[in-house]
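A short worksheet on the structure shown next.
The values are calculated or read from the model by the stated rules, or taken from the named source; none is laboratory data. From a predicted model like this one, the values you see are computed outputs, not experimental measurements. Here the Cβ positions follow ideal geometry from the backbone for every residue, glycine too, while neighbour counts run over all protein chains shown.
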Amino acid sequence: MMFILKTVRQIDGIRKSCQIVAHVLSKLRKEVKEGVTTVFLNNLAEDLCFARGGIPGFKGYRNFPFSICASKNEEVVHGFPNNIPLRKGDILSIDFGVLYKGWYGDSAFTVPVGNVSPEISKIITVGKECLEKAIDIAGPYCRLGSISNAIQRHAENNNYSIIKQFVGHGIGKNLHEDPQIPNYGEHDRGLILRPGTVIAIEPMIAEGTHEVETLEDGWTTITKDRKLSVHFEHTIAITTCGVEILTNRN
């Protein structure tokens with residue numbers, strides 16, 4: 001596994017792309033409600049991205065036809081936006097990437113549509129916490145396995161499974177770069193993350209089995225048992241001082 005550490009100037013380029021990602025996702029979050037369609041959210045993301053001078057990073061990537069991945073309920077990742085209105089009680093994962101002046105940013109979140117049961121609220125909360133715990137343990141000279149292990153341990157301690165087919169990734173001039181970041185692993189093992197490392201950490205956890213299958217569109221991936229799945233992601237930079245969340249929406 002080989003990857004290129006980024007300079008301070010290069011990280012600033014990625015940061016600017018990530019700021020567009022964060023801006024767009026913050027706007028989309030406010031629009032997720034009963035009756036809204038994911039095609040509407042996709043089109044809004046495009047408009048907001050272009051207005052900031054960015055290019056949607058997913059559209060056309062390996063022939064993906066949309067600007068957001070909109071994955072609902074049992075859909076894990078890569079869901080196609082459609083004209084079916086969201087219903088109260090659904091959960092929706094939105095994944096969005098931007099290319100800005102040659103640099104990529106990438107982030108995702110899962111949110112409920114209206115009020116949901118305590119069981120649904122819990123898996124969303126635990127998924128978000130998995131990402132937070134991974135970022136908390138990351139830092140200069142941390143080993144990659146410690147990040148992966150933090151995600152796995154928190155998910156499994158709450159009786160959820162880790163989706164193993166998909167991983168986090170390095171990011172920069174390309175949307176997906178080395179290193180790959182599995183959501184399971186051994187603490188204090190693996191690659192040492194040095195200052196200048198920029199990665200997208202993205203836990204995906206499920207209520208039931210970790211097994212998935214891909215639908216006929218060739219992209220949308222669902223849990224094999226049709227139970228709920230959630231997805232969270234931030235692009236972060238490892239610096240000499242610690243960690244910067246480049247896609248922070250706060």
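Of the residues that make up region 79-95, is at least one under 16 Å from A200 (Cβ atoms) and not charged (D, E, K, R)? Scanning region 79-95 turns up at least one residue that is under 16 Å from A200 (Cβ atoms) and not charged (D, E, K, R). The residue that is nearest to the chain's Cα centre (by Cα), counting only those in region 1-51 that are part of a loop (DSSP other than H, G, I, E, B) and polar (S, T, N, Q), is T37. Can you name every residue in region 192-211 that is outside any strand (DSSP E or B) and surrounded by fewer than 17 Cβ atoms within 10 Å (Cβ to Cβ)? Hits for region 192-211 are R194, G208, T209, E211.
Among the numbered criteria (1) of a type in the set (V, I, T); (2) in contact (Cβ under 8 Å) with a residue 60 or more places away in the chain; (3) in contact with a helix residue (DSSP H, G or I) (Cβ under 6 Å, 6 or more places away or on another chain), which one does I68 miss? All conditions pass for I68, except number (2).
Would you tally the residues in region 117-134 being more than 21 Å from I245 (Cβ to Cβ) and either crowded, with 18+ Cβ neighbours inside 10 Å or in contact with a Cys (Cβ under 7 Å, 6 or more places away or on another chain) (or both)? Full working, then the answer.
Initial filter on region 117-134 (more than 21 Å from I245 (Cβ to Cβ)): 117-123.
Next cut, either crowded, with 18+ Cβ neighbours inside 10 Å or in contact with a Cys (Cβ under 7 Å, 6 or more places away or on another chain) (or both) only: 120, 123.
Adding up the residues that qualify gives 2.
Going by the conditions given, is R189 basic (K, R), more than 16 Å from the chain's Cα centre (by Cα), surrounded by fewer than 21 Cβ atoms within 10 Å (Cβ to Cβ) and assigned to a loop (DSSP other than H, G, I, E, B)? Yes. Filter region 141-161 for residues that are in contact with a Cys (Cβ under 9 Å, 6 or more places away or on another chain) and among the aliphatic types (A, V, I, L, M); which is farthest from V198 (Cα to Cα)? Per the stated criteria, the residue is A155. Total residues in region 212-250 satisfying the condition of being part of a loop (DSSP other than H, G, I, E, B) and under 17 Å from the mean Cα position of the chain (by Cα): the figure is 9.
Among the residues of region 230-238, not a single one is within 23 Å of C142 (Cβ to Cβ), hydrophobic (A, V, I, L, M, F, W, C) and at pLDDT below 95. Tallying residues that are surrounded by 19 or more Cβ atoms within 10 Å (Cβ to Cβ) and either of a type in the set (D, E, K, R) or outside any helix (DSSP H, G or I) (or both) within region 144-161 yields 2. Under the condition of being within 23 Å of K224 (Cβ to Cβ) and free of Cβ contacts under 8 Å to residues at least 60 places away in the same chain, the residues counted in region 166-180 number 1. Kindly indicate the residue of region 162-174 that is crowded, with 20+ Cβ neighbours inside 10 Å and part of a loop (DSSP other than H, G, I, E, B) and also farthest from the chain's Cα centre (by Cα) among those meeting that condition. Applying the filter and picking the extreme gives G172. None of A155, A206, A134 is aliphatic (A, V, I, L, M), within 14 Å of the chain's Cα centre (by Cα) and over 21 Å from G57 (Cβ atoms) except A134. Contact map, region 13-42: first residue in contact (Cβ under 8 Å) with a residue 24 or more places away in the chain, second residue in a helix (DSSP H, G or I) and among the small types (G, A, S), Cβ cut-off under 7 Å, separation 6 or more or different chains; pairs are V24/A45; L28/A45. In region 112-137, the residues that are under 16 Å from R29 (Cα atoms) and free of Cβ contacts under 8 Å to residues at least 60 places away in the same chain never reach a residue that is part of a loop (DSSP other than H, G, I, E, B) and of a type in the set (V, I, T) with C-beta atoms less than 6 angstrom apart, at least six apart or across chains. All conditions but one from (1) surrounded by 18 or more Cβ atoms within 10 Å (Cβ to Cβ); (2) more than 25 Å from E75 (Cα to Cα); (3) among the acidic types (D, E) apply to E177; the one that does not is (2). None of I94, I120, I135 is in contact with a Phe, Trp or Tyr (Cβ under 9 Å, 6 or more places away or on another chain) and of a type in the set (A, V, I, L, M) except I94.
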